[in-house]
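Encoded as structure tokens, the structure appears first; notes follow it.
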Amino acid sequence: MSAHENMEHAEHIEHASHENRRIALLIAVLALFLAFSETLGKSAQTDAIKFNVQSNDLWAFYQAKTIRGTTLQAAATTLELQSNATSDAAAKAAIAKQIETWRKEVARLDDDPGREGRKQLTEKARKAEHDHETSLAKYHNYEISSALLQIGIVLASATIITGMIALAWIAGALGIGAVVLMGLGLFAPHTLHALHLI
């Protein structure tokens, strides 16, 4: 080889080495965001499971209070019918007192401010359901973001092998899209659902 050819070959190797460093930096940045996306996704998935269990527990407690209230209401009605059949004033007074006690308990089971009446349980369960849906929406955003970042890493790696710079541009665009989805997951998780995109 002539000196001129050697010089051109060295320049080509230096240019390829410089391009490979930029591609390696792109891969490192994509991998960094992939780590963030995976961590946020796992956290959102865990929260979704936690809120789902919490919601189910609250509705089960609500149902138990409903059954207890219905039982007490039926008992009060039965006792009231028995009261009509008796003529003893003392017995009627005792029965009336018991009926009043059971009806107060039924009212307390329905609405017990500061505690856990059915009304309060309904509010808590609905909030847990909302938190579950929000966490699930976040999880979906992070999962799609992670997939885009993984594809971007593969395409950027293929750029080194093939020398096709267009693959690196596509990888960069996928990375930007993934970061946007992560932002949506953090600040507006229901956006994709509202647009019926997922």
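The values are calculated or read from the model by the stated rules, or taken from the named source; none is laboratory data. From a predicted model like this one, the values you see are computed outputs, not experimental measurements. Because the Cβ atoms are built from the backbone with ideal geometry, glycine has one as well, and the counts that use them run over all protein chains shown.
So residue 99 clears everything in (1) of a type outside the set (Phe, Trp, Tyr); (2) surrounded by 13 or more Cβ atoms within 10 Å (Cβ to Cβ); (3) at pLDDT below 95; (4) closer than 30 Å to residue 56 by Cβ except one condition, right? Which one?
(4)
Is it the case, given these coordinates, that residue 183 is closer than 30 Å to residue 55 by Cα, in a helix (DSSP H, G or I) and either of a type in the set (Val, Ile, Thr) or without any contact (Cβ under 8 Å) to a residue 60 or more places away in the chain (or both)?
Details: closer than 30 Å to residue 55 by Cα: yes; in a helix (DSSP H, G or I): yes; either of a type in the set (Val, Ile, Thr) or without any contact (Cβ under 8 Å) to a residue 60 or more places away in the chain (or both): yes.
The answer is yes for residue 183.
Condition check ((1) under 24 Å from residue 183 (Cα atoms); (2) aromatic (Phe, Trp, Tyr); (3) within 46 Å of the chain's Cα centre (by Cα)) across all residues:
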| site | (1), (2), (3) |
| --- | --- |
| 38 | yes, no, yes |
| 47 | yes, no, yes |
| 58 | no, no, yes |
| 87 | no, no, no |
| 112 | no, no, yes |
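Here is a yes/no grid of residues against (1) under 30 Å from residue 34 (Cβ atoms); (2) modelled with pLDDT under 95:
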| site | (1), (2) |
| --- | --- |
| 107 | no, yes |
| 117 | no, yes |
| 125 | no, no |
| 151 | yes, no |
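Go through the residues of region 147-157 one by one and say whether even a single one is under 24 Å from the mean Cα position of the chain (by Cα), not in a helix (DSSP H, G or I) and not aromatic (Phe, Trp, Tyr).
No, there is no match, as no residue in region 147-157 is under 24 Å from the mean Cα position of the chain (by Cα), not in a helix (DSSP H, G or I) and not aromatic (Phe, Trp, Tyr).
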